[in-house]
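The values are calculated or read from the model by the stated rules, or taken from the named source; none is laboratory data. Computed from a predicted model, the values in this text were never measured in an experiment. Heads up, the Cβs are rebuilt from the backbone with ideal geometry, glycines too, and the neighbour counts pull from every protein chain shown. These accessible areas exclude ligands, DNA and RNA; they are computed on the full protein's heavy atoms, side chains included. Shrake-Rupley method; radii C 1.70, N 1.55, O 1.52, S 1.80 Å.
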Amino acid sequence: MTQDPSRRLLRGRILTFYAEPTDAADTSAYSYHDDGAILIENGTIRAMGPFAQVAAKAADVPVTDHRPHLLMPGFIDTHIHFPQVQVIASWGAQLLDWLNGYTFVEETRFADPDHCAAMARHFFDLLGAHGTTTAVAYCSVHTASAEAFFAEAARRDMRMIGGKVMMDRNAPDGLRDTPQSGYDDSKALIAKWHGQGRAQYAITPRFAITSTQAQLEMAGALVAEHPECYVQTHLSENHDEIAYTAELFPDAPDYLGVYERAGLLTPKMLLGHSIHLTPREIAVLAETGAKPVFCPTSNLFLGSGLFDDAGLRGQGITNAIATDVGAGTSYSMLNTLSEAYKILQLQGQKLHPLRALHWITRGNAVALGLDDKIGTLDAGTEADIVVLDSCATHAMQLRMQRAQSLSEELFILQTLGDDRAIAEVYVAGRPTKSTPPAVLTRELCATD
Ligand SMILES: [Zn+2]
């Protein structure tokens, strides 16, 4: 009998979530199989469960044995900047200086389509290497950057969400659009890319400081015309930013009110940072279903502040979590959880490892309204899967010898794990680790 190459049976330990678990006793929230299997067909998960049970339905399907590794849904990063792969790890600034001194300088390079295409290859190589199979990305102001982003994602069949930033003031020459051109370019990108394969568009006014009222209103028009698209921006990251926003929009009730008046707030809106919020802003978030995005490594790196996860959750708000590279200091969602844990510790809040691993898989999928497609290993969902090696490093091996439970193992992964713990990544059912990464030239590695 000939084997169908689109069918594949993965064997290993398997963990997937059905709901957000509070702790290990909450066993109805997740399913764990010590010897499990996932049957993949045409990029989709057909069955998941105990190996003997799933294998019985797929006698002719070749088995890839990942034991003793742990198979989970691919990680989801809900806020990252594609043009900042050469900005990450830039020294010594807080938000506004960091934007002007590093980020805007770098983003001007994305006027060149060849640069965009090269950086897109690096960007997706990096995401894959860190186990991230879906990301919500800011491109630069240039249409070419969004074109390169979506073209490279399509080539790899990755589920990606992105958009060109709209910014018409407080940015250098070459990095500003206009209310009309930002609208027209976004509209053309939506028509070309949204719903093409696995691509989805995010309408992306960068933040209040870099958009005039006229531009925010044009973004609001796009949101009204394209309710199928996401909306993303930044909110209340840093005190100087909040004060400057109040100066620029003296009539707005507060920072969130600027976006609210422009008609941007919907359940499909993602608000990066959302740290220093007023009670009114929190009430508006709860009422509209817009989603704050916690960016732990970025908030620590820029000294922005401590995200109040429990406070927002207590108001019924769904928080997403993300790297925010390049202000974020790691592409790894595991590393992101490690820093999230510490930020919550400083506020007397707890992050149980089961809830943590849920957050970067099903939790972020729920925040995106995509949990019927990604973030779980349920039959019928897209086969984006990460294979985790809890003994990837010397330190992890030693610590794992004392681990007594799944929760302990997950906490070791989130505290000590990074790209070294990613043994394999399947995107739409295909293994990607065998694909050679984009080659770095000497020129790229030079410091002058
Ligand atoms: Zn950001």
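For the reader, a short list of remarks on this structure follows.
- Charge tally in the Cβ shell below 10 Å around A202, where Lys, Arg are +1 and Asp, Glu are -1, A202 excluded: +2
- Candidate aspartates and glutamates - alpha carbon under 14 Å from K342, same-chain residues fewer than 8 apart omitted: D308, D309
- Each residue of the range 118-126 is assigned a 3J(HN,Hα), and the resulting list reads 5, 5, 5, 5, 4, 4, 6, 4, 5 Hz, derived from the Karplus form 6.51 cos²θ - 1.76 cosθ + 1.60 (θ = phi - 60°), x at Gly and Pro.
- Evaluating kT/(6 pi eta Rh) at 20 °C and 1.002 mPa s, with the Kirkwood radius of the chain over Cα pairs in the Stokes-Einstein relation, gives 97 µm² s⁻¹.
- One chain, two ends: A89 and N42. Fully extended at 0.36 nm per residue, the span grows by 13.0 nm beyond their Cα-Cα distance.
- Along its three principal directions, the equivalent ellipsoid of the range 80-167 from the Cα gyration tensor extends over semi-axes of 21, 15, 11 Å, largest first.
- Measuring r between the beta carbons of R280 and D65 and using R0 = 41 Å, the FRET efficiency lands at 0.15.
- Residue-normalised accessible area of the range 282-413, expressed per residue, 1.4 Å probe, Å²: 33
- The distance between label points at Q180 and A19 comes to 5.4 nm (points 7 Å beyond Cα on the Cα→Cβ vector).
- Taking the accessible area of the range 158-302, probe 1.4 Å, and keeping the other protein chains in place, the carbon and sulfur fraction comes to 56%.
- Under Karplus coefficients 6.51, -1.76 and 1.60, residue-wise ³J(HN,Hα) of the range 412-424 in Hz, glycine/proline x: 5, 4, 6, 8, 10, x, 7, 5, 5, 8, 8, 7, 7
- Solvent accessible area, Å² - Y102, 1.4 Å probe, full protein context: 80
- In this structure, the amide hydrogen of G36, modeled 1.01 Å from its nitrogen in the peptide plane, lies closer than 5 angstrom to those of G12, R13, I14, F51, counting only residues at least 5 positions away or on a different chain.
- The length gained by stretching the chain between E408 and D173 to full extension, at 0.36 nm per residue less their Cα-Cα distance, is 79.5 nm.
- Relative to the current alpha-carbon distance between A52 and V105, full extension at 0.36 nm per residue lengthens the span by 13.5 nm.
- Acute angle (nearest 10 degrees) that the helix 179-193 long axis makes with the longest principal axis of the chain, alpha-carbon atoms: 20
- Computed from phi, the 3J(HN,Hα) profile of the range 206-217 under the Karplus parametrisation 6.51, -1.76, 1.60 (θ = phi - 60°) reads 4, 5, 4, 5, 9, 10, 6, 4, 4, 5, 4, 5 Hz, with x in place of Gly and Pro.
- The angle between the Cα long axis of helix 279-288 and the longest principal axis of the Cα atoms of the chain comes to about 60 degrees, rounded to the nearest 10.
- Using the Cβ-Cβ distance between M400 and Q196 with R0 = 45 Å, the FRET efficiency computed as 1/(1 + (r/R0)^6) comes to roughly 0.60.
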